Amino acid sequence: GEDVEQSLFLSVREGDSSVINCTYTDSSSTYLYWYKQEPGAGLQLLTYIFSNMDMKQDQRLTVLLNKKDKHLSLRIADTQTGDSAIYFCAEDRDSSNTGKLIFGQGTTLQVKP
Amino acid sequence: KAGVTQTPRYLIKTRGQQVTLSCSPISGHRSVSWYQQTPGQGLQFLFEYFSETQRNKGNFPGRFSGRQFSNSRSEMNVSTLELGDSALYLCASSLALAGGRADTQYFGPGTRLTVL
């Protein structure tokens, strides 16, 4: 099917790690992305991973990719209240390479002080 | 470098009217994509333009159209507005790599359209 699936809500305490999960459908997707959206704002690119990689680390962010299970995760270390937002995973599912992104429904991350 | 800019940021229209939204990509980016975001349907791809040509189109009715100018700026138009067109319209720009492949997409702040 078309759907990229994410859990809808995650609540953590400040200072804990957050793990946001995503399953995608197209094994031929070349890039997988994580975007962050704060209230009233557009999408901010957080990080991305190429499909031939298993892991990518960027400061507090760690992306893990399991191609066999079509599972993507975003780990945020030392989560801060400023990390409260909606997080979207997206796959670049376009064989014509025009960059059509298919998004999950978004995971709302709530960080409690 | 300035980011993607979209104008206007907010718009209120009534059913049956038409609307034009504008997007200025990051300098040097030649690919522009448009997405619609609603609470019910989430983020959905509308279309993508590169070198003034529409290369890809999502599953939207013909009332939704767009164009791109020689300076890569893009506009989208929605005619005969319906209540269900109320949404956040997001524009994204990306570099065009060798062969025209669109690279990582950077999004603007969006235009919030309300149809009454």
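Annotations
- Nonpolar atom fraction for chain B, defined as the carbon and sulfur part of the 1.4 Å probe accessible area, stands at 49 percent.
- For the range B:54-116, alpha-carbon Rg relative to the globular expectation (2.2 N^0.38 Å, N residues): 1.27
- Heavy-atom accessible area for A:Asp83, with the other protein chains in place and a 1.4 Å probe, reaches approximately 10 Å².
- Heavy-atom accessible surface of B:Thr80, to the nearest 10 Å², is about 80 Å², with a 1.4 Å probe and all protein chains retained.
- The lysines within cross-link reach of A:Lys70, meaning a Cα-to-Cα straight distance under 25 Å and a gap of 8 or more places when in the same chain, are A:Lys36, A:Lys56, A:Lys100.
- Taking all protein chains as they are arranged and a probe of 1.4 Å, the heavy atoms of B:Arg9 leave approximately 90 Å² accessible to solvent.
- Within straight-line cross-link reach of B:Lys13, lysines at Cα separation under 17 Å, skipping those fewer than 8 residues along the same chain: none
- Across the protein assembly as shown, the volume of the C-alpha convex hull divided among the residues equals 128 Å³ per residue.
- The alpha carbon centroids of the range B:1-41 and the range A:15-79 are separated by 25 Å.
- Going by accessible surface with a 1.4 Å probe and the largest first, A:Met53, B:Met76 read A:Met53, B:Met76.
- Label-to-label distance, B:Arg63 versus A:Lys67, with points set 7 angstrom from Cα along the beta-carbon direction: 4.3 nm.
- Per residue, chain B exposes 46 Å² of solvent-accessible protein surface, assessed with a 1.4 angstrom probe and all protein chains in place.
- Protein accessible surface hidden between A and B, which excludes ligands and nucleic acids, total in Å², probe 1.4 Å: 1600 Å²
- Partner aspartates and glutamates for A:Lys112 [C-alpha distance under 15 Å; skip if fewer than 8 residues away on the same chain]: A:Glu14, A:Asp16, A:Asp78, A:Asp83
- Residues B:His29, A:His71, ordered by accessible area of protein heavy atoms at a 1.4 angstrom probe radius and largest first, appear as A:His71, B:His29.
- When you work out D = kT/(6 pi eta Rh) for chain B at 37 °C and 0.692 mPa s, using the Kirkwood radius from C-alpha pairs as Rh and the Stokes-Einstein form, the result is 233 µm²/s.
- Hull-based mean projected area of chain A, where the convex hull spans the alpha carbons, in square nanometres: 6.9 nm²
The values are calculated or read from the model by the stated rules, or taken from the named source; none is laboratory data. Just so it is clear, the model here is predicted, and its values are computed rather than measured. Positions of Cβ are generated from backbone atoms using ideal geometry, with glycine treated the same way; all protein chains shown enter the neighbour counts. Side chains are part of the model used for accessible areas, which takes the heavy atoms of the whole protein and leaves out ligands, DNA and RNA. Shrake-Rupley method; radii C 1.70, N 1.55, O 1.52, S 1.80 Å.
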